[in-house]
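The values are calculated or read from the model by the stated rules, or taken from the named source; none is laboratory data. Because the structure is a prediction, the values reported are computed rather than measured. Cβ placement follows ideal geometry from the backbone for every residue including glycine, while neighbour counts extend to all protein chains displayed.
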Amino acid sequence: MTLYAYWRSTTSYRVRAALNLKGLTYETLPVDLVAGDQHSPDYAALNPGLGVPTLVLDDGTVLTQSLAILDYLDAVAAPRLLPDDPVARAKVMAAAHAVALDIHPVNNLRVLQHLRSIHGASEAETVAWMHHWMDAGFTTVEAIVSDSTPFAFSDAPDLADVCITAQLYNAHRWGLDMTAYPKLTRIEAACLALPAIAAAHPDHQPDAKVTI
Ligand SMILES: N[C@@H](CCC(=O)N[C@@H](CS)C(=O)NCC(=O)O)C(=O)O
């Protein structure tokens, strides 16, 4: 399999974590988002959403959208990141969606570029925007994850854990104060103690020397 990804991309980080947890081997092909490589005609043909990640299977099948890729991976390889029990599954998905659907889209690179270029946002205003949406989403997630397990809902990492851990990387990068989110901090520590997730961390990617 080939994963088109960018080192600092939280959507790429989610998928790398799942691939590694499941012991699947893949080649990483970096897409430099800062250089705008996601807009190149070749990449646009592969992923019309103009974002990373894209996963190309060994038979050439192209998968896009990180949550869809994670769903595919969960269907074909263990350990499962979603529980079978319908209620437990809905709870895990709620936390994962709070990150992937509520925080990430409004904090995406294209949104920040639009804020700066069309609305003239300063660097301080851009940082305040990032913090605002992460605080809103993290408040939700902090309230719904477990008080009593190392990971979000159990003793093993699930879809919520990989989404949370990737988003916390972004929060640190933007200097968000995490004091109000002790459970999320606990989850990140538990995830990064696992070699599979630690290996998925942005700093360990082949394109990690590029700076934004
Ligand atoms: N919903 C998509 C979002 C993909 C996406 O936009 N990823 C970001 C990186 S985290 C990206 O490539 N942004 C490029 C841009 O905004 O130009 C997914 O989950 O795969």
message: Pairs please, first residue from the stretch 40-69 and under 15 Å from residue 30 (Cα atoms) and in the same structural domain as residue 7 (by TED's automatic domain parsing), second anywhere and basic (Lys, Arg) and near the ligand (Cβ under 10 Å from one of its atoms), Cβ atoms under 9 Å, 6+ apart in sequence or on different chains.
response: 50/110; 51/110; 53/14
- prompt: How about the stretch 75-90: which of its residues are among the hydrophobic types (A, V, I, L, M, F, W, C), more than 15 Å from the chain's Cα centre (by Cα) and assigned to a loop (DSSP other than H, G, I, E, B)?
  reply: 77, 78, 82
task: Please find, within the stretch 95-126, the residue that is farthest from the ligand (Cβ to nearest atom) out of those that are touching a helix residue (DSSP H, G or I) at 6+ places or on another chain (Cβ under 6 Å) and touching a residue at least 60 places away in the same chain (Cβ under 8 Å).
output: 95
- request: Scan the stretch 54-94 residue by residue and report those that are within 13 Å of the ligand (Cβ to nearest atom) and among the small types (Gly, Ala, Ser).
  value: 66, 68
field: Only listed residue being more than 16 Å from the ligand (Cβ to nearest atom), part of a helix (DSSP H, G or I) and either touching a helix residue (DSSP H, G or I) at 6+ places or on another chain (Cβ under 7 Å) or without any contact (Cβ under 8 Å) to a residue 60 or more places away in the chain (or both), chosen from 149, 139
entry: 139
query: Listed residues 165, 126; which is under 15 Å from the mean Cα position of the chain (by Cα), outside the structural domain of residue 50 (by TED's automatic domain parsing) and of a type in the set (Ser, Thr, Tyr)?
result: 165
task: May I ask you to list the residues in the stretch 119-136 that are farther than 26 Å from residue 165 by Cβ and assigned to a helix (DSSP H, G or I)?
output: 123, 124, 125
field: Any chance residue 121 is within 18 Å of the chain's Cα centre (by Cα) and small (Gly, Ala, Ser)
entry: no
- prompt: Looking at (1) farther than 29 Å from residue 151 by Cβ; (2) among the acidic types (Asp, Glu); (3) touching a helix residue (DSSP H, G or I) at 6+ places or on another chain (Cβ under 8 Å); (4) assigned by TED's automatic domain parsing to the domain that holds residue 156, which is the one condition that is false for residue 37?
  reply: (4)
task: Go through the stretch 152-182 residue by residue and tally those that are within 20 Å of residue 110 (Cβ to Cβ) and out of contact with any helix residue (DSSP H, G or I) (no Cβ under 8 Å at 6 or more places or on another chain).
output: 1
- prompt: So is residue 26 within 8 Å of the ligand (Cβ to nearest atom) and either surrounded by 13 or more Cβ atoms within 10 Å (Cβ to Cβ) or within 30 Å of residue 144 (Cα to Cα) (or both) or not?
  reply: no
- prompt: Do you know which of the residues in the stretch 35-53 that are closer than 27 Å to residue 98 by Cβ and more than 8 Å from the ligand (Cβ to nearest atom) is nearest to the chain's Cα centre (by Cα)?
  reply: 47
- request: Being surrounded by fewer than 19 Cβ atoms within 10 Å (Cβ to Cβ), assigned to a helix (DSSP H, G or I) and touching a residue at least 40 places away in the same chain (Cβ under 8 Å) narrows it down to one of 196, 180, 166, so name that one.
  value: 196
